[in-house]
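Comments concern the structure below.
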Amino acid sequence: GKLYEMARFLKTAAEAWYRGREFKRAAHLYEMAFREERAGARDDAAKQREAAELGLKSASCFQKIGEVRRAVSLLSDAGAFDKAAALLAREGDIEAAADLYVKANLPLQAAELFKQAGDHERAARLKADVLRQAGNELAAAESYRQAGEYLEAAEIYRRQGRHLEAGQMYQALGDLLQAGEMYLRGKEPRKAAEAWEQAGDFRRAAEVYQRLGDGRKQSELLERAGEFYEAGLNYFALKEVEAAERTLLRVDSSHPAYPKACTILADIYRGRNDVAQAVKYYQQAIAGQPVNQGNIHPYYNLARILEENGDPRLALTLYTRILQEDSKFSDVAARVQELKGRVAAADREAAELEAQPVELTPTPSARTKKRYTLLSELGRGGMGIVYKAHDAVLDRVVAFKVLPSDLRNNDIAVKNFLREAKAAAALNHPNIVIVYDAGEEDGNYYIAMEYIEGRTLREIVANDGRIPMQALMVITAQLCKALDYAHGRNVVHRDIKGSNIMWADTRAVKIMDFGLAKVIQEVVNFQTVVGGTPHYMAPEQILGEEIDNRADLYSLGVTLYECATGTVPFPKGDVGYHHIHTVPPDPREHVPDLPESYVRILMRCLAKDPAERFQSAGEIFESLRTVRFARS
């Protein structure tokens, strides 16, 4: 052995040492011979097999002298993974042995060892692969399920027509849309609807509940899907009048079914004997159109209200128009004849009174019950005091804003206030506070609005500091959608700022006080130069120039700047001068890690020239797609 070794006949030397029972020396020489021959036999399969035999002999020698790990390494290098795995298993290294059985393409042996080691998922996965290759797909699917390989299991169940099991797997995987599809095919429609509801596909879930005859759940999901007309119609059919009113009030005026929604609302108010609201919504249903088969019912109901409430002349006019469209509609012909007689009698009576005037003593009007009861004060500012109040007519809690007392002494402002309140009431968007009612009570002008549980953005910044980027993106997107909607209807806010924006407990942004800044400006026309709040005003607004929606976008930029940094761009000094002349400081001076793309959006909003700003809130929303930031 020594002489062959000196002559570099390694294989022969190793065999001599082995026969001399010098296993350690033989092991090393076999290993050296193995590695040399393997290196020279890369493209020769026969020589590779011969080299592998040397590796096995070396491993056997190392095993004899107790160097098991060395033996395992050589067996693996020689491609004898099964022998290496068996050796490790005998040594008690179960997991490593199982891994080698996987390399040896012996999945059942590997699975048994993984099971012994407590790794049941991996064992099940290997078993599943074997079963699938053997064509036993359903058993394979069960093993995949045990292994947590839900997608593999789901696809097998789907191919095999086992739709319920497939649905369960997709649901475990979090793919609720696919889960719903499978449940529906598996004749489990309620489970399908529940899965789609969880996935946010409220429309499809609602369709299923409709087939199940669950109108209440269908209506709830249609409302969540933003299908307010259909939801309201369903609620009304279910005699859930308050829910019907709530949803129908949110139907956008551009919706094709808006006149029908107004008709139902008017019917609701008529049933409550709320004449003013009934008349308002019948008129909106008619929308100034001539009588036709589509609006003949609201025309008729409006005429009935007018007739019942002491306006027979106008009622007669409407009945006559209906008669011209449809001579056989309801009892219109009889009512026309009756009202003609009443109007003629009233005319004769008036003529007699005129010929023989008498002095009439006015009777005091009956005292009406107050509609709103103030519960607590929510806040106050330049636009008045806001209370939490109870609406006795609709039995609901509202935010009740009492406008400054100067308003009642300004006829123009009163007229414009009512006009602006009407415009605000026509805005129907999930990110704009709903205006329910506006008018005068106890000598004060008021607006009754949707009551929101939450805090203003100003309160959040003041109490908690700047708003994190992830939440700020959500807020920005919702504000852009709301402003784009309002501006599309030619309604400009004029006083966008954190204190006019609520962050509701439902995680929705709500903009308040649309149009009020203009009204308040007119009330105090000779006390201040312009309306609005100086820290948030656009340059053209400060200069008293004509403004449009781009002034709101400037104010939005200031508000978002404050939310992102904790301060407005110009907190001190001559704020008006700064807005007109001074370049806003880079917000990264306050928060260095603000995304550059978001900073560009803020700075473009704050451009002095309106032409250099975004031209619509929709443009800002699209620009948000470019913002990238690290999510917490």
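The values are calculated or read from the model by the stated rules, or taken from the named source; none is laboratory data. If you're wondering where the values come from, they're calculated on a predicted model, not measured in any experiment. Note that each Cβ is placed from the backbone with ideal geometry, even for glycine, and that neighbours are counted across all protein chains shown. Just so you know, the surface numbers come from the protein's heavy atoms only, side chains and all, with ligands and any DNA or RNA stripped out. Shrake-Rupley method; radii C 1.70, N 1.55, O 1.52, S 1.80 Å.
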Quick check: anything in the range 213-227 touching a Gly at 6+ places or on another chain (Cβ under 6 Å), buried (at least 20 other Cβ atoms within 10 Å of the Cβ) and aliphatic (A, V, I, L, M)?
no
Test residue 35 against the criterion of being modelled with pLDDT of 75 or more, in a loop (DSSP other than H, G, I, E, B) and either surrounded by fewer than 19 Cβ atoms within 10 Å (Cβ to Cβ) or over 60 Å from the mean Cα position of the chain (by Cα) (or both), and give yes or no.
no
Any idea which of (1) assigned to a helix (DSSP H, G or I); (2) of a type outside the set (D, E, K, R); (3) touching a residue at least 40 places away in the same chain (Cβ under 8 Å) is the one residue 301 doesn't satisfy?
(3)
Restricting the first residue to the range 196-214 and requiring it to be of a type in the set (Lys, Arg), which pairs with a second residue that is at pLDDT below 90 and open to solvent by less than 40 Å² (accessible area, probe 1.4 Å) meet a Cβ separation below 7 Å and a spacing of at least six or different chains?
none
Evaluate the range 280-293: report whether one residue or more is at pLDDT 90 or above and open to solvent by less than 10 Å² (accessible area, probe 1.4 Å).
no
Does residue 217 qualify as being assigned to a helix (DSSP H, G or I) and modelled with pLDDT of 90 or more?
yes
Check 510, 518 and return the single one that is basic (Lys, Arg) and at pLDDT below 90.
518
Show me the helices (runs of 4 or more DSSP H) found entirely inside the range 544-632 where at least 1 residues are open to solvent by 40 Å² or more (accessible area, probe 1.4 Å) and more than 20 Å from residue 490 (Cβ to Cβ).
575-581, 596-605, 617-623
Looking only at the range 59-69, count how many residues are open to solvent by 20 Å² or more (accessible area, probe 1.4 Å), of a type outside the set (S, T, N, Q) and free of Cβ contacts under 8 Å to residues at least 40 places away in the same chain.
3
Show the residue pairs that are 6+ apart or on different chains and have beta-carbon atoms under 7 Å apart, the first residue being within the range 220-249 and outside any helix (DSSP H, G or I), the second being open to solvent by 60 Å² or more (accessible area, probe 1.4 Å) and not small (Gly, Ala, Ser).
225/203; 227/203; 238/216
Here the residues within the range 250-262 that are part of a helix (DSSP H, G or I) and surrounded by fewer than 23 Cβ atoms within 10 Å (Cβ to Cβ) are 258, 259, 260
Checking residue 321 against (1) surrounded by 13 or more Cβ atoms within 10 Å (Cβ to Cβ); (2) within 41 Å of the chain's Cα centre (by Cα), which test does it fail?
(2)
Members of the range 453-473 found to be out of contact with any Phe, Trp or Tyr (no Cβ under 9 Å at 6 or more places or on another chain) and within 24 Å of residue 424 (Cα to Cα), listed by number
453, 458
Condition test on residue 353, is it at pLDDT below 80, assigned to a helix (DSSP H, G or I) and within 18 Å of residue 285 (Cβ to Cβ)?
no
